[in-house]
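**Q** The structure is given below, and queries will be raised subsequently.
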Amino acid sequence: QVPLVEFGGGLVQAGDSLRLSCAASVHTIRTYNMGWFRQTPGKEREFVAAISWSRDNTYYADSVKGRFTISRDRTKNMVNLQMNRIEPEDTAVYYCAAAPWGDIQTMRPDSWGRGTQVTVSS
């Protein structure tokens, strides 16, 4: 497992934009597939977006495709999730995740951050 720390959650209004960031080690940022998941009370954690370690290929859940963008900043050792046109249904705790192998389409993280709350008011 590797340490991951999320930043950037908060309270926003529907239609706003918000950027989440995940800080990790140099080794993690450069060699792990990275992703974001989210969870609401009473529901299972669900996949949001992922980016591959080698070519920065990306993959998104249908519910966020076209609105969210995941990116990797190797100069700052961060993975970002830009959330645009946020909807009330996006309210959740968002978790940064890392997986040392596998496909981003079937990402199975072995490391998780503690999560950051995103609340969207209508």
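The values are calculated or read from the model by the stated rules, or taken from the named source; none is laboratory data. Please read these numbers as outputs of a predicted model, since none were measured by experiment. We place every Cβ from the backbone using ideal geometry, glycine too, and count neighbours over all the protein chains shown. For the accessible areas, the whole protein counts, side chains as well, though only heavy atoms, and no ligand, DNA or RNA atoms are used. Shrake-Rupley method; radii C 1.70, N 1.55, O 1.52, S 1.80 Å.
**Q** Taking H placed 1.01 Å from N in the peptide plane, check which residues at least 5 places from Arg19 or on another chain put their amide H under 5 Å from its amide H.
**A** Under 5 Å from the amide H of Arg19: Met83.
**Q** Hey, what number do you get for the chain at 222 nm if only DSSP H runs of n ≥ 4 count, each worth -39500 (n - 2.57), divided across all residues, to the nearest 500?
**A** About -1000 deg cm²/dmol.
**Q** Another question, if that's okay. Using a 1.4 angstrom probe and counting only protein chains, how large is the accessible area of Trp53 in Å², to 10?
**A** Here the residue's solvent-accessible area equals roughly 120 Å².
**Q** What does the charge add up to near Phe47, with Lys and Arg as +1, Asp and Glu as -1, over the other residues with Cβ less than 11 Å from its Cβ?
**A** Result for the neighbourhood of Phe47: 0.
**Q** With only alpha-carbon pairs counted, each pair once and no self-pairs, how large is the Kirkwood hydrodynamic radius of segment 4-122 in angstroms?
**A** Computed over segment 4-122, the radius equals 14.0 Å.
**Q** Could I ask something else about it? How many Å² of accessible area per residue for segment 1-72, probe 1.4 Å?
**A** For segment 1-72, the solvent-accessible area averages 54 Å² per residue.
**Q** Rank Gly102, Gly42, Gly15 by mean-square fluctuation in a GNM of the chain with C-alpha springs under 10 angstrom and give only the top-ranked residue.
**A** Of Gly102, Gly42, Gly15, the most mobile in the Gaussian network model is Gly42.
**Q** How large a share of the accessible area of the chain, in percent, is made up of carbon and sulfur atoms when the probe is 1.4 Å and the other protein chains stay in place?
**A** Carbon-and-sulfur percentage of accessible area, whole number: 48.
**Q** Here's another thing I want to ask about it. Mind telling me which of Arg19, Arg45, Arg55 comes out most flexible in a GNM of the chain, alpha-carbon contacts under 10 Å?
**A** Highest fluctuation of the listed residues: Arg55.
**Q** Pick from Ser25, Ser54, Ser111 the residue whose mean-square fluctuation is largest in a GNM of the chain, springs joining Cα atoms under 10 Å.
**A** Result: Ser54 has the largest fluctuation of those listed.
**Q** Here is a further query. On full extension of the chain, what length is gained from Arg19 through Lys76, given 0.36 nm per residue of separation minus the C-alpha to C-alpha distance?
**A** Result for the pair: 19.0 nm of gain on full extension.
**Q** Jot down the per residue volume, in cubic angstrom and as a whole number, of the convex hull over the alpha-carbon atoms of segment 65-111.
**A** Output value, Cα hull per residue: 114 Å³.
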